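Laboratory data are not the source of any read-out in this text; all were calculated from the coordinates shown. Every value quoted in this text rests on a predicted model; they were computed, and no experiment measured them. We place every Cβ from the backbone using ideal geometry, glycine too, and count neighbours over all the protein chains shown.
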């Protein structure tokens, strides 16, 4: 993991990967939070790459608050342990993000 990276740049990559995976346009990215597997993957990735900055999240998802973020991260971590599909998606997305840099 690289220590000096632009959080906004990594955050944008995460959004882009999830939108491409589900076939959403940039304008429809709010649907990421409506899809359960995408939501868990999103929160796992923003935690791993330290993009949990509320200002950054509120720009794209105005309804998100710190309590929601913490709760969703906790749920996502539980799902990561229990759900093979989410685990595979997480490691694949992680690999894509690291390769792009």
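Some points to look at:
- Helix content alone sets the calculated 222 nm mean residue ellipticity of the chain: runs of n ≥ 4 DSSP H residues at -39500 (n - 2.57) each, divided across all residues, give -22500 deg cm²/dmol.
- Using bins of 5 Å that start at zero, the share of Cα-Cα pairs per bin across segment 7-100 amounts to 3, 14, 28, 29, 20, 7, 0, in whole %.
- Computed label-point distance, nm, for sites residue 60 and residue 82 using a 7 Å Cα→Cβ extension: 2.6
- Spacing of the two label points (7 Å from each Cα toward its C-beta) at residue 70 and residue 28, in nm: 3.4
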